[in-house]
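J.: I am attaching a structure below and will ask some questions about it afterwards.
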Amino acid sequence: PIALQHGAHRIGRRTDADMEKWRAYGLGQFIHWGLYSIPAGEWNGKQYSGAAEWLKSWKEVSATAYDSLMYQFNPTKFNAESWAETAKQMGVKYVTITTKHHDGFCLWPSKYTNFTVANSPYKKDIIGPLVKAYDKRGIDVILYFSIMDWHNPDWRYDIKTREDSIAFDRFKQFTRNQLLELLTLYPTAKGLWFDGTWDKSWVKQAAFADSLEKEMRAMRPGLIIGSRFRADEYGKRHFDSNGNMMGDYEQGWERKIPEKIADVHGNDWDCVMTVPENQWGYSKVWKGHIKTTDELLEMLAKCVSLDGNFVLNFGPKPDGTLRTEELDLAKGIGEWMGINSEAIYNGEYAGLVKQDWGYYVKKTGTNKIYMLVFNVPVSGALNVVLPSRTAISKVYDLGNPGQNYAPEEIGTSAYFIHLKQQTFKRPFVIVLETADNSKNSGAQYQKAK
Ligand SMILES: Cc1ccc([C@@H]2N[C@@H](C)[C@@H](O)[C@H]2O)cc1
């Protein structure tokens, strides 16, 4: 291995209680809200083809004109309690909220810049009420923070000259000040979700970022920081020059999900997902495919089955309300979670052979395995192959506990579970209670006729 000062400082997963709680979340909510929500991807009557929260990067938009959106920020219908209640009903266990996106506008009254809610018609802090409303419902809060800040004149994409270096040193202090300010103002925040860290200017700050990360962790023991915050001294991001993940969980799964367990390298990770193809902030026009409740439930199941969390994005409207499509999805997911959340919370990779009918989730620390069924075979028989000498002691339908199944043994530790009905309106969960029967050799269920 290469000697590194600023690479990964821990090999393997964190084993402390804060991280074990994070690992168990299963389902999360992302909230992208800010000035970009006002134009919602449209400028001078023309629709921006990219993500609405990137409107300021569009050449047709002058920074001055965009920044003057601050004087229009007045979400009269904003109610932190109702957002948190929607999230609670949906069954999320954590929420990631944009404090400052790339445009530099702060949803908290930062004392290090005037470009904040304090100088908008709304005047009031947004982050504080949100943290309070979510905490009250037992939903942990992670603060999203963009290092890249298009508003701050000291921001640089790269450092080429002495002026660049002097300006960027000021920018680094500004960034440190804002992060320590956020941790001070919102001490219950469980973690920070960094973005906007790919440009050379920041990638060259291995030592500074490493010491800032250490300072934040010292200030907030247990703080959870993802792999995207900093680069090592060779500019390697997410995984250092020795291939070890930096930070506490892998943040690379943005709008994509790993296919197999090998893809996650034994690390914690979360997948952040948009409802349309690629819109995080509120966008008037949702082009292309809008994901359905069942699609999102399958993504959730797949993430949890591969040791990850699934975080669904909401882009609130400029008036502070949530759009109908998102409320409908929150309701649909919440109804399913109301019946099946036991298969999601405290779930982990079960280590079984993947079957076409769906996903296995093992309840951490137990012998309970959940079968999350999305694809019912025409045979109506769900194939289950267990490690040798593992028997099934009980099988039942989570949504209908009276519904027991008697698996048919079709081979060594191989079973068919014959479903009682052919059509299902929603994905469903079958619970397998397994037992180690290496002691006795008798099979639990009748052999294939
Ligand atoms: C190329 C690219 C840069 C930044 C992003 C930001 N990360 C997501 C979590 C959103 O905040 C998006 O604006 C997306 C794509």
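J.: Specify which of the listed residues (Y359, Y345) is over 20 Å from Q29 (Cα atoms), among the aromatic types (F, W, Y), open to solvent by 10 Å² or more (accessible area, probe 1.4 Å) and under 20 Å from the mean Cα position of the chain (by Cα). Reasoning before the result, please.
T.: Working: Y345 fails: over 20 Å from Q29 (Cα atoms).
That would be Y359, the only listed residue that is over 20 Å from Q29 (Cα atoms), among the aromatic types (F, W, Y), open to solvent by 10 Å² or more (accessible area, probe 1.4 Å) and under 20 Å from the mean Cα position of the chain (by Cα).
J.: Report yes if M216 is in contact with a His (Cβ under 9 Å, 6 or more places away or on another chain) and under 29 Å from M19 (Cα atoms), otherwise no. So that I can check it myself, show each step before the final result.
T.: Working: in contact with a His (Cβ under 9 Å, 6 or more places away or on another chain): no; under 29 Å from M19 (Cα atoms): yes.
Criteria not met by M216.
J.: Right, next: State which residue is farthest from the ligand (Cβ to nearest atom) when the search covers only segment 123-155 and only residues that are among the charged types (D, E, K, R) and crowded, with 20+ Cβ neighbours inside 10 Å. Step through it out loud before you land on a result.
T.: Just the residues of segment 123-155 that are among the charged types (D, E, K, R), to begin with: 123-125, 132, 135-137, 140, 149, 154.
Keeping just the survivors that are crowded, with 20+ Cβ neighbours inside 10 Å gives 140, 149.
Details: D140: 18, D149: 13 Å.
Going through the qualifying residues, I end up with D140.
J.: Quick check on my filter: what residues within segment 183-237 are within 16 Å of the ligand (Cβ to nearest atom), under 16 Å from the mean Cα position of the chain (by Cα) and of a type outside the set (A, V, I, L, M, F, W, C)?
T.: Residues satisfying the conditions are G191, D195, G226, S227, R228.
J.: Sticking with this structure for a sec: Taking segment 400-412 as the region of interest, how many residues are open to solvent by 50 Å² or more (accessible area, probe 1.4 Å) and either in contact (Cβ under 8 Å) with a residue 12 or more places away in the chain or closer than 19 Å to V353 by Cα (or both)? Step through it out loud before you land on a result.
T.: First pass over segment 400-412, keeping only residues open to solvent by 50 Å² or more (accessible area, probe 1.4 Å): 400-402, 404, 406, 410, 412.
Checking which are either in contact (Cβ under 8 Å) with a residue 12 or more places away in the chain or closer than 19 Å to V353 by Cα (or both) leaves us with 406, 410, 412.
The number of residues fulfilling the criteria is 3.
J.: Let me ask something additional. Is one or more of the residues making up segment 260-271 within 20 Å of G334 (Cβ to Cβ), open to solvent by less than 20 Å² (accessible area, probe 1.4 Å) and touching a residue at least 24 places away in the same chain (Cβ under 8 Å)? Before you say what the answer is, go through the steps one by one.
T.: Taking segment 260-271 as the starting set, the residues that turn out to be within 20 Å of G334 (Cβ to Cβ) are 270-271.
Next cut, open to solvent by less than 20 Å² (accessible area, probe 1.4 Å) only: 270-271.
Those left that are additionally touching a residue at least 24 places away in the same chain (Cβ under 8 Å): 270-271.
So far as segment 260-271 goes, yes, one or more of its residues are within 20 Å of G334 (Cβ to Cβ), open to solvent by less than 20 Å² (accessible area, probe 1.4 Å) and touching a residue at least 24 places away in the same chain (Cβ under 8 Å).
J.: What pairs come up if the first residue lies in segment 278-290 and is polar (S, T, N, Q), the second is within 12 Å of the ligand (Cβ to nearest atom) and open to solvent by 40 Å² or more (accessible area, probe 1.4 Å), and their beta carbons are under 9 Å apart, counting only those six or more places apart or on different chains?
T.: Going by the 9 Å Cβ cut-off, the qualifying pairs are N278/R255.
J.: Ok, one more. Looking at G338, G320, G351, can you tell me which residue is open to solvent by 10 Å² or more (accessible area, probe 1.4 Å), touching a residue at least 24 places away in the same chain (Cβ under 8 Å), away from the ligand (no atom under 16 Å from the Cβ) and assigned to a loop (DSSP other than H, G, I, E, B)?
T.: Details: G338 fails: assigned to a loop (DSSP other than H, G, I, E, B); G320 fails: open to solvent by 10 Å² or more (accessible area, probe 1.4 Å).
The conditions single out G351.
J.: I've got another one for you. Out of the residues in segment 362-397 that are under 16 Å from G26 (Cβ atoms) and free of Cβ contacts under 8 Å to residues at least 40 places away in the same chain, which is surrounded by the fewest Cβ atoms within 10 Å (Cβ to Cβ)?
T.: Out of the qualifying residues, it is G365.
J.: Exactly one condition in (1) assigned to a helix (DSSP H, G or I); (2) of a type outside the set (G, A, S); (3) within 27 Å of D16 (Cβ to Cβ); (4) open to solvent by less than 10 Å² (accessible area, probe 1.4 Å) is not met by L296; state its number.
T.: With (1) assigned to a helix (DSSP H, G or I); (2) of a type outside the set (G, A, S); (3) within 27 Å of D16 (Cβ to Cβ); (4) open to solvent by less than 10 Å² (accessible area, probe 1.4 Å) applied to L296, the lone miss is (3).
J.: Here is a follow-up. One residue is enough: does segment 104-111 have a residue meeting the conditions under 22 Å from the mean Cα position of the chain (by Cα), of a type outside the set (F, W, Y) and open to solvent by 10 Å² or more (accessible area, probe 1.4 Å)?
T.: no
J.: Cβ-Cβ distance below 6 Å, separation of 6 or more or different chains: which pairs start in segment 187-210 with a residue that is in a loop (DSSP other than H, G, I, E, B) and end on one that is open to solvent by 20 Å² or more (accessible area, probe 1.4 Å) and within 16 Å of the ligand (Cβ to nearest atom)?
T.: Every condition considered, the pairs that remain are T197/R228; D199/Y157.
J.: Here's another thing I want to ask about it. Just to be sure, is V275 within 24 Å of L312 (Cα to Cα), within 14 Å of the ligand (Cβ to nearest atom), open to solvent by less than 10 Å² (accessible area, probe 1.4 Å) and within 21 Å of the chain's Cα centre (by Cα)? Let's see the steps before the verdict.
T.: Numbers: within 24 Å of L312 (Cα to Cα): yes; within 14 Å of the ligand (Cβ to nearest atom): yes; open to solvent by less than 10 Å² (accessible area, probe 1.4 Å): yes; within 21 Å of the chain's Cα centre (by Cα): yes.
It is true that V275 is within 24 Å of L312 (Cα to Cα), within 14 Å of the ligand (Cβ to nearest atom), open to solvent by less than 10 Å² (accessible area, probe 1.4 Å) and within 21 Å of the chain's Cα centre (by Cα).
J.: How many of the residues making up segment 156-166 are more than 15 Å from the ligand (Cβ to nearest atom) and either crowded, with 18+ Cβ neighbours inside 10 Å or assigned to a loop (DSSP other than H, G, I, E, B) (or both)?
T.: Start the filter on segment 156-166 by keeping residues that are more than 15 Å from the ligand (Cβ to nearest atom), which leaves 156, 158-166.
Next cut, either crowded, with 18+ Cβ neighbours inside 10 Å or assigned to a loop (DSSP other than H, G, I, E, B) (or both) only: 156, 158-161.
Selection size over segment 156-166: 5.
J.: Another one. Any residue in segment 134-158 that is of a type in the set (D, E, K, R) sitting within a Cβ distance under 9 Å of a residue that is within 16 Å of the ligand (Cβ to nearest atom) and assigned to a loop (DSSP other than H, G, I, E, B)? List the pairs, counting only those 6 or more apart or interchain.
T.: From segment 134-158, the pairs are D149/H102; D149/D103; D149/G104; D149/W155; D149/G196; R156/D199; D158/D199.
J.: Ok, one more. Counting only residues that are at pLDDT 95 or above, part of a loop (DSSP other than H, G, I, E, B) and within 23 Å of A51 (Cα to Cα), how many does segment 237-257 have?
T.: Restricting attention to segment 237-257, the residues satisfying the condition of being at pLDDT 95 or above are 237-251, 253-257.
Restricting the remaining residues to those that are part of a loop (DSSP other than H, G, I, E, B) gives 238, 240-244, 246-249, 251, 253, 255-257.
Now restrict to residues that are within 23 Å of A51 (Cα to Cα): 251, 253, 255-257.
The number of residues fulfilling the criteria is 5.
The values are calculated or read from the model by the stated rules, or taken from the named source; none is laboratory data. These numbers were taken from a predicted model, which means no experiment stands behind them. Note that we place each Cβ from the backbone using ideal geometry, even for glycine, and neighbour counts take in every protein chain shown. Ligands, DNA and RNA are stripped out before the accessible areas are found, and what is left, the full protein with its side chains, is counted by its heavy atoms. Shrake-Rupley method; radii C 1.70, N 1.55, O 1.52, S 1.80 Å.
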